[in-house]
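Q: This structure is in structure tokens; I'll ask about it shortly.
The values are calculated or read from the model by the stated rules, or taken from the named source; none is laboratory data. None of the values given here were measured: they were computed from a predicted structure. Cβ placement follows ideal geometry from the backbone for every residue including glycine, while neighbour counts extend to all protein chains displayed. When the accessible area is computed, the model is the full protein with side chains, heavy atoms only, and any ligands, DNA or RNA have been set aside. Shrake-Rupley method; radii C 1.70, N 1.55, O 1.52, S 1.80 Å.
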Amino acid sequence: MGRRHFSSATARFITCYRNILHHHNTLPEIFSSMDPSTSKPTSDLPPQPHHGSIILFDNNNNHHPDYISDLPDEVLSCIFHFLPNAADRKTCSLVCKRWLIVEGQSRHRLVLDARQELSSRVQTIFSRFDSVTKLVLRCDRRSVSIVDDALILISLRCKNLTRLKLRGCRELTDVGLAAFAMNTNCLKKFSSGSCLFGVKGMNAVLQHCKNLEELSIKRHHGVLEPIGPGVASLSLKTICFREIYNGHCFDPLITGAKNLKTLKIIRCIGDWDRVFQTISTRENSLVQIHLERIQLTDMGLEAISNCKFVDTLHLVKTPECTDDGLTSIAENCKLLRKLHIDGWRTNRIGGHLGLISVANHCINLQELVLISVNPSLSSLEAIFTNCRKLERLALCGSDSIGDKEISCIADKCLALKKLCIKGCPITDKGIETFAWGCPNLVKIKVKKCRGVTVKVVDKLRIRRGRLVVNMDVAEIEPEAVIEDASVAVDDDAGSSSRNGHGHGQASVFNPRYGLLACTFRRWSIGRSNDGL
């Protein structure tokens, strides 16, 4: 690394330190006389290099005194944590030997390429990064991953590991995972995807990791026998299963987790009615339930309705569920705050009767997402009238949502803050009603609605300058509307920054992004569920 690169890294380090000083007045203001753009101090004191020191250069290649070496290791470590990204940390760590050591000792999260070649470097890597608590091991499908010996060595070196994520580590077996579990007593979060270890490995994790709180298994086909529950049944709070062929093997784990609060089952084969019927027969603490593309009927929804503490429910593409099951949920889950329904255009759930029950019983509802369902105007009026706390609303891919329904929203949803409308037969006339309605509205997103033009944005801007309007007025093929309306995309909220939207500005999105605000991932307060 050349001098210019050193100076650039040091400048970023100094800038970060000054930001810390601005918020933490207890740190010494050593750099108050330094220019962060050139790392050039105004003082003319001669340099005094010592062990672990660095030499700063200005644009004229003149060196200057080393003030940074006077900082204690604890302050250096704090600054490393405040650097904006991993690339800056890596660059700054190469400035001098002392920075290399301090950065390694202060690193708590590590992401490694878990190909076979990593095995020979485990000792060296974890000698430097000896304080890691969050570890991610990833291997692509075309490569050979690390083997059991490497994972066992990692468990011996990382005694304080609290989170482990395995992705594509197909060479790991039950032997390695069992040894890892026995050596790691502090593990709280375990995530596995596309791995091939089996029943013994999974049971070892559940039996030895007594502090395990979050478990996520994705695309795992090596389990053929029942799993769990083990000692982790007392500590598990979050379980997430995705794309598991033998999902029924995890039934004992789910039903045995006595303090489970969040359960997500996505595209897993199994008889889930029976699982929820078992859960409902005992005291449970379930708060959040996310069900997507699984075998579930109204009997399962009726069992879920006995879980009195449920406040968040996602029903995505469960074609056997009807309004009868939704009515059971509404009548018994009095604490329901967030309800997401993707009817998959079956017209069996989310229609008139189901939404009327939600309106009559779920007065605490704050977030409602309706995808590919056709609610009636009267059912929407009931919800908007009775659910006075409704703050976030998404209506996507619905043939029954027109200007009358939109006008009803503007007239009755006084608490509404976020609104997404996608693939609905509305026009400028309906959107224009928000120039006067919904006094608390801060953001509206309109996607793939052919009747809406950019002209309505100007009217909204004149009337409500602070309202953020994200508008897509591009021509979209009808089949694209149907397909995108059924897919929820997580990174919707970040799209505004990528596309440079400002207050009251219209924008044209690339249709391939399928931006669906109905997920409200970053609009609502929630925790991430899969992985670290």
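Q: On average, how much accessible surface per residue is there in the range 313-420, in Å², for a 1.4 Å probe, leaving out ligands, DNA and RNA? Could you put the intermediate results ahead of the total?
A: Numbers: 3680 Å² over 108 residues.
Accessible surface, normalised per residue, equals 34 Å².
Q: Then there's this: Compute the FRET efficiency between V111 and T281 as 1/(1 + (r/R0)^6), taking r as their Cβ-Cβ distance and R0 = 30 Å, and round to the nearest 0.05.
A: 0.10
Q: Sticking with this one: By how many nm would the segment from Q295 to V454 lengthen if fully extended, with 0.36 nm per residue of separation less the alpha-carbon distance?
A: Working it through step by step, the gained length comes to 53.0 nm.
Q: Oh, and also: Report the FRET efficiency, 1/(1 + (r/R0)^6), for K417 and D324, where r is their Cβ-Cβ distance and R0 is 51 Å, rounded to 0.05. Show your work: numbers first, answer last.
A: On the way: r = 32 Å, r/R0 = 0.63.
According to the calculation, E is roughly 0.95.
Q: Taking the Cα centre of each part, how many Å lie between the range 313-371 and the range 177-191?
A: So the two Cα centres are separated by 39 Å.
Q: Now for a different question. Please report the antiparallel percentage of the DSSP beta bridges confined to the range 114-271, to the nearest 5. Please report the intermediate quantities before stating the final value.
A: Numbers: 1 of 26 bridges.
The antiparallel proportion sits near 5 percent.
Q: Using the structure shown, select from K97/K134; K338/K447; K237/K445; K159/K200; K264/K404 the pairs with a Cα to Cα distance greater than 29 angstrom. Could you put the intermediate results ahead of the total?
A: Numbers: K97/K134 24 Å; K338/K447 22 Å; K237/K445 34 Å; K159/K200 22 Å; K264/K404 36 Å.
Cα-Cα > 29 Å for K237/K445; K264/K404; rest within.
Q: Under 5 Å between amide hydrogens, which residues at least 5 positions from S143 or on another chain qualify, with H placed 1.01 Å from N in the peptide plane?
A: Hits under the 5 Å cutoff: none.
Q: Provide, in order from the shortest bin, the percent of all Cα-Cα pairs of the range 161-247 in each 5 Å bin, continuing until the bin that contains the maximum pair distance.
A: In order of increasing distance, the bins hold 3, 16, 29, 30, 18, 4, 0 percent.
Q: Note down the accessible area of H208, probe 1.4 Å, to the nearest 10 Å².
A: In the full protein context, H208 sits at about 80 Å².
Q: Sort F309, F190 from largest to smallest accessible area, using a 1.4 Å probe on the heavy atoms of the protein chains. Don't jump to the answer; show the numbers that get you there.
A: Details: F309 110, F190 5 Å².
The most accessible residue leads, giving F309, F190.
Q: I've got another one for you. With all distinct Cα pairs included, what does the Kirkwood hydrodynamic radius of the range 236-357 come out to in Å, to one decimal, could you say?
A: Value: 14.1 Å, from the Cα pair sum.
Q: On a 26 Å Cα-Cα criterion, which of the cross-link pairs K189/K422; K317/K418; K308/K418; K188/K443 come out too long?
A: Correct reply: K189/K422; K308/K418; K188/K443.
Q: Let me ask another. Just to make sure I understand: if all protein chains stay in place, what is the order of R121, R464 by accessible area at 1.4 Å, largest first? Mind dumping the intermediate values first?
A: On the way: R121 120, R464 35 Å².
Descending accessible area places them as R121, R464.
Q: How much solvent-accessible surface does R348 expose, in Å² to the nearest 10, with a 1.4 Å probe and all protein chains in place?
A: Surface open to solvent at R348 totals about 110 Å².
Q: Quick one: check the C-alpha center-to-center distance for the range 400-456 versus the range 192-213, whole angstrom.
A: A separation of 48 Å, based on Cα centres.
Q: Here is a further query. Using heavy-atom solvent-accessible surface (probe 1.4 Å) with all chains present, what is the largest-first order of R345, R450, R141? All intermediate terms of the calculation are to be shown ahead of the outcome.
A: On the way: R345 90, R450 150, R141 195 Å².
These residues rank, largest area first, as R141, R450, R345.
Q: At a probe size of 1.4 Å, how large is the accessible area of T433, to the nearest 10 Å²?
A: My reading of the accessible area for T433 is about 40 Å².
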